[in-house]
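In what follows, a structure is listed as structure tokens, so that the remarks can point back to it.
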Amino acid sequence: MKLMVGYDGSGVALDALKLAFDKAKKYGGEIDVIKSVEQSHTLKYEEIRRLEQTLENEVKEICDDDSVPYRTHVIVTHQTAGDALVEFAKDQEIEEIIIGIRRQSKVGKLVFGSTAQHVILNAHCPVLTIK
């Protein structure tokens, strides 16, 4: 079972990672943990390396058991986070996406959009949300 977690460092993302770890352990799965970063002309290599190291450290803290293989990915792209997650999942033939959701007002969703909503509506595979 190939699982993917969209991870932004929030509490709900951490909960999603824990759930993915438990599920992968139980069903013999593997996990891809994805952090999407918007490309900009001010983004420096050192910042990307720091993000990669932080992501690896946070995931390692949860997935400290060698029985569950995992990979961390920082995707630097001009796409929205939702598009990047959906594209990665399709390209890597992910079987289930696990993402955390935060309550957001209707106006907030209209103005800022919702990454989770985009993933739920556009993913090729089941999406499990946790709040």
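The values are calculated or read from the model by the stated rules, or taken from the named source; none is laboratory data. Only a predicted model underlies this, so the values are computations on that prediction, with no experimental measurement involved. With ideal geometry, Cβ positions are generated from the backbone for all residues, glycine too; neighbour counts draw on all protein chains shown.
For every residue, the table says whether it meets (1) modelled with pLDDT under 90; (2) in contact with a Pro (Cβ under 8 Å, 6 or more places away or on another chain); (3) farther than 26 Å from HIS124 by Cα; (4) among the basic types (Lys, Arg).
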| residue | (1), (2), (3), (4) |
| --- | --- |
| TYR7 | no, no, no, no |
| TYR27 | no, no, no, no |
| LYS35 | no, no, no, yes |
| THR42 | yes, no, yes, no |
| GLU46 | no, no, yes, no |
| GLU58 | no, no, yes, no |
| ASP66 | yes, no, yes, no |
| THR77 | no, no, no, no |
Selection within the stretch 24-41 - in contact with a helix residue (DSSP H, G or I) (Cβ under 7 Å, 6 or more places away or on another chain) and closer than 15 Å to ARG71 by Cα: GLY29, GLU30, ILE31, VAL33, ILE34, LYS35, SER36
Sole residue being modelled with pLDDT of 95 or more, exposed (fewer than 11 other Cβ atoms within 10 Å of the Cβ) and either in a loop (DSSP other than H, G, I, E, B) or within 13 Å of the chain's Cα centre (by Cα) (or both), chosen from GLU93, GLU87: GLU93
Residues of the stretch 51-66 classified as surrounded by fewer than 12 Cβ atoms within 10 Å (Cβ to Cβ) and part of a helix (DSSP H, G or I), total: 3
Subset of the stretch 28-50 [surrounded by 11 or more Cβ atoms within 10 Å (Cβ to Cβ) and in a helix (DSSP H, G or I)]: GLU47, ILE48, ARG49, ARG50
Residues of the stretch 1-27 classified as buried (at least 17 other Cβ atoms within 10 Å of the Cβ), of a type in the set (Ser, Thr, Tyr) and not in a loop (DSSP other than H, G, I, E, B), total: 0
Single residue of ARG71, ARG102 found to be closer than 14 Å to TYR7 by Cβ, assigned to a loop (DSSP other than H, G, I, E, B), charged (D, E, K, R) and touching a residue at least 12 places away in the same chain (Cβ under 8 Å): ARG102
Residues within the stretch 96-108 that are of a type in the set (A, V, I, L, M) and either surrounded by fewer than 24 Cβ atoms within 10 Å (Cβ to Cβ) or modelled with pLDDT under 95 (or both), tallied: 3
